[in-house]
Structure formats: structure tokens, C-alpha cells
1. How much of the pair distance distribution for the stretch 2-187 lies past 25 Å, counting alpha-carbon pairs only, in percent?
2. Using helices alone, what [θ] at 222 nm do you get for the chain, with -39,500 (n - 2.57) per DSSP H run of 4 or more residues, divided over all residues and rounded to the nearest 500?
3. Kindly identify the stretch 90-162 as rounded, prolate or oblate by the Cα gyration tensor criterion: order the square roots of the eigenvalues as a ≥ b ≥ c, call it rounded if a/c is under 1.5, otherwise compare a/b with b/c, prolate if a/b is larger, else oblate.
4. Please sort 145-152, 107-114 by packing, taking for each peptide the average over its residues of neighbouring beta carbons within 10 angstrom, highest first.
5. Which of the aspartates and glutamates could a cross-linker span from Lys119 if the Cα-Cα distance has to be under 20 Å and same-chain partners fewer than 8 positions apart are dropped?
6. List the lysines whose Cα lies under 20 Å from the Cα of Lys58, skipping any in the same chain that are fewer than 8 positions away.
7. Go ahead and run the numbers for FRET between Lys55 and Phe9, Cβ-Cβ distance against an R0 of 22 Å, rounding to 0.05.
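Please treat every number below as a calculation from the coordinates, not as lab data. Only a predicted model underlies this, so the values are computations on that prediction, with no experimental measurement involved. Quick reminder, even Gly has a Cβ in these numbers, built from the backbone with ideal geometry, and neighbours come from all protein chains shown.
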Amino acid sequence: MATQRVIGFEIKRNVFHLVFGLFIAYLIFIFDRTELINLLSGMLIIAILVSREAKFNKRIPVVSWLLKNFERKRVWPGTGAITFITGALVSLLFFPKDAVFIAMIILAIGDSFSTIFGKIYGKHKIHGKKTLEGFLAGFFGSFIAVSFIITPIVAFITCFAAALIELFAVLDDNLLVPITVSALLFVI
């Protein structure tokens, strides 16, 4: 019963992660570079300040509800959103906006699909708690999504790299995937 509750929470959490990630990608798509850097910088500052307040049990309308319903226990509040925004912002500072847009789609879909499918269907552990089923779902989900935007070979390379980062990352994948994928797209 407890395991089902944990799986249900992780699925709910990763659906939120997917929506948040695609929202960030949408912002990247519609705003110009300068506006976007300003917007993401502002979002990051607000997220850090709100996170600090939430850590010390200050009740913040909407944010407290989001943290209660979507944040893992025993982590600093809002860490996922902060690293997601930071990954997008750092990538935008160094790489073309189009590359960052694609990288954020790969992150949002790949990360969410790998966790959801890994939790539900994962039977074959390949690294720590990560499963082959989750790895493949994250890779193929992001590959299919971005194959409509970039060539299949470039989609394969970038999505495979993102899936490997998701599997083996020692730092937060929300930070590493957008920077690495944006760099790969820039080089390719």
C-alpha cells in the first residue's frame, strides 16, 4: 500500500515536472533572448526567495500547496524548479535560443517519462534505482517529440546523451541536460 502511494506521488510529481518543463520551453519559444534572460532571472530570484521562506515553514499561498503536493520529502523546497530554471538560464547565456528550446523539451519529456515508466513498468535495474524500462521510455519519448523539430539523427544523438545523463548524473539532471544538449546541438 505504501509503495502504491509512493508510485502515485511520483507519477503526479512527474506530470507536474512535464507541464512545468514544457511551459519553460514555451516561454523560450515566444520571447526574444533578452526578455527571456530577464524573465528567467526574475523567476529564479523569486523561486530562491520563496524556497527559503518555505524551508522555514512560512505559509505562502499557492506555493505551499504546490510544495505539499509535488515536492519530495527531505529535500530543500523547490530544488527541482530552481535547477530547471537555472539550467535553462545558463544554457541561454551560452547557446542559441533554438538549441535551448529543444533541450528543454528533451529534459521535460525524457526526465518525466523515464521516472513514470520506470516506476510503473521498471523491472530491470541498470544503475542504482534506475531501470532499463525507464531509460528506454525517456529516450524514446523525447526522441519522438523532437524528431518533428530536428532531423532524426540529431534527435537520436541528443536524446541518447540526455538519457545517459539522466541515468548516470552525479549533479542534478535539470541542470546538466539542458547545458549538455544545448552544447551538442550547437556543435552539430
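1. Values: 5754 of 17205 pairs.
The answer is 33 percent, as a whole percent.
2. About -27000 deg cm²/dmol.
3. Note, shape of the stretch 90-162 comes out prolate.
4. On the way: 145-152: 15.1, 107-114: 27.8.
Those peptides, ordered most packed to least, come out 107-114, 145-152.
5. Straight-distance partners of Lys119: Glu10, Glu71, Asp111, Glu133, Glu166, Asp172, Asp173.
6. Lys68, Lys73
7. Details: r = 20 Å, r/R0 = 0.92.
About 0.60, to the nearest 0.05.
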